[in-house]
Amino acid sequence: MRAGKTTTALALAVVLLLGGSRASAHRLDEYLQAARLKIDPAHVEFQLDLTPGVAVADSVIADIDRDRDGVLSADERHAYVEQVMRAISLDVDGLPLRVRSVGSTFPDVQAFRRGEGTIELRGDVSLPPLAEGAHQLSYRNANRPDVSVYLANALVPESDRVAVHVQRRDTDQRELTIDYELRPQPSASPDAWLWLGLACSLALAALAGLRAQRLTAFP
């Protein structure tokens, strides 16, 4: 099983490497939106990096800077995060999931105009209780399709209970479907039961000794 997990990890790493190469070479007239998703047994974490090229930077700035004062205020950043999150949809086994923002970082306006600015959005999605076995997670990004290019990849899961088997994308990578497996909870090993039994025995012996001391002190 460990060999299979290692093979999966290497395959996912290659996908991420190829995606990173494309990300670093995106054109000046494109709005690059790169998503990375990590599946755990009870929830999904994702990060979306938004990088406008120089030619589309002013259009993206205008989406955020609603009062046109050249400063991205906290309220304007919050409104833009909500706008992007509304364009993101996730479902597991066909059941729609609620996307929740858990953090974001924004560069300043001048960094955007130099083509060096990347917005980082972080989200979290709670999963319903799922049975062990095969499941399918679907991700879709409908934010600014007029100027955008997209990337989407699943990260190697941290939990041994989750195994990613297949990733399928549409031509534009606006949509990503991940086939994964939810494995059973690991049972306690014989050694763990042995240590638990030993701990209980020691605790009982300590209690017996304490009782004997009390009886001696108070005949």
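The values are calculated or read from the model by the stated rules, or taken from the named source; none is laboratory data. Predicted, not measured: the structure shown is a model, and the values here were computed from it. Quick reminder, even Gly has a Cβ in these numbers, built from the backbone with ideal geometry, and neighbours come from all protein chains shown.
Among Ser104, Ser126, which is the only one that is in contact (Cβ under 8 Å) with a residue 60 or more places away in the chain, touching a strand residue (DSSP E or B) at 6+ places or on another chain (Cβ under 7 Å) and in the same structural domain as Leu32 (by TED's automatic domain parsing)?
Values: Ser104 fails: in contact (Cβ under 8 Å) with a residue 60 or more places away in the chain.
Among Ser104, Ser126, only Ser126 is in contact (Cβ under 8 Å) with a residue 60 or more places away in the chain, touching a strand residue (DSSP E or B) at 6+ places or on another chain (Cβ under 7 Å) and in the same structural domain as Leu32 (by TED's automatic domain parsing).
With the checklist (1) in contact (Cβ under 8 Å) with a residue 24 or more places away in the chain; (2) of a type outside the set (A, V, I, L, M); (3) within 17 Å of Leu176 (Cα to Cα) in hand, flag the one item Pro96 doesn't pass.
Only one criterion in (1) in contact (Cβ under 8 Å) with a residue 24 or more places away in the chain; (2) of a type outside the set (A, V, I, L, M); (3) within 17 Å of Leu176 (Cα to Cα) is unmet by Pro96, namely (1).
Which residue is nearest to the chain's Cα centre (by Cα), if the candidates are limited to region 57-88 and must be assigned to a helix (DSSP H, G or I) and basic (Lys, Arg)? Quick ask: steps written out before the conclusion?
Start the filter on region 57-88 by keeping residues that are assigned to a helix (DSSP H, G or I), which leaves 57-64, 74-86.
If we keep only those that are basic (Lys, Arg) as well, we get 77, 86.
Numbers: Arg77: 21, Arg86: 17 Å.
It comes out as Arg86.
For Phe112, only one of the following conditions fails: (1) hydrophobic (A, V, I, L, M, F, W, C); (2) surrounded by fewer than 19 Cβ atoms within 10 Å (Cβ to Cβ); (3) not in a strand (DSSP E or B). What is its number?
For Phe112, the exception is condition (2).
Of all residues in region 26-43 being of a type outside the set (A, V, I, L, M, F, W, C) and outside any strand (DSSP E or B), which is surrounded by the most Cβ atoms within 10 Å (Cβ to Cβ)?
So in region 26-43, the residues of a type outside the set (A, V, I, L, M, F, W, C) come out as 26-27, 29-31, 33, 36, 38, 40-41, 43.
Cutting the leftovers down to outside any strand (DSSP E or B) gives us 26-27, 29-30, 40-41.
Working: His26: 18, Arg27: 11, Asp29: 12, Glu30: 16, Asp40: 14, Pro41: 16.
So the residue we want is His26.
Would you please list the contacts, defined by Cβ atoms under 7 Å and residues six or more apart or on different chains, that run from a residue in region 65-81 that is farther than 21 Å from Gly103 by Cβ to a residue that is hydrophobic (A, V, I, L, M, F, W, C) and not in a loop (DSSP other than H, G, I, E, B)?
Gly70/Val109
What is the one condition in (1) polar (S, T, N, Q); (2) touching a residue at least 60 places away in the same chain (Cβ under 8 Å); (3) surrounded by fewer than 13 Cβ atoms within 10 Å (Cβ to Cβ) that Thr51 does not satisfy?
(3)
Name every residue in region 159-175 that is in a strand (DSSP E or B) and among the β-branched types (Val, Ile, Thr), in order of residue number.
Val162, Val164, Val166
Specify which of the listed residues (Phe106, Phe46) is crowded, with 18+ Cβ neighbours inside 10 Å and over 29 Å from His165 (Cα atoms). Even if it seems obvious, please write down each step before you answer.
Numbers: Phe46 fails: over 29 Å from His165 (Cα atoms).
Residue meeting the stated conditions: Phe106.
Restricted to region 119-144, and to residues that are in a strand (DSSP E or B) and among the aliphatic types (A, V, I, L, M), which residue is nearest to Thr177 (Cα to Cα)?
So the first thing to find is which residues in region 119-144 are in a strand (DSSP E or B), and the list is 119-126, 133-141.
Add one more test, that the residue is among the aliphatic types (A, V, I, L, M), and what stays is 119, 121, 125, 134, 137.
Values: Ile119: 24, Leu121: 20, Val125: 16, Ala134: 13, Leu137: 6 Å.
Applying the filter and picking the extreme gives Leu137.
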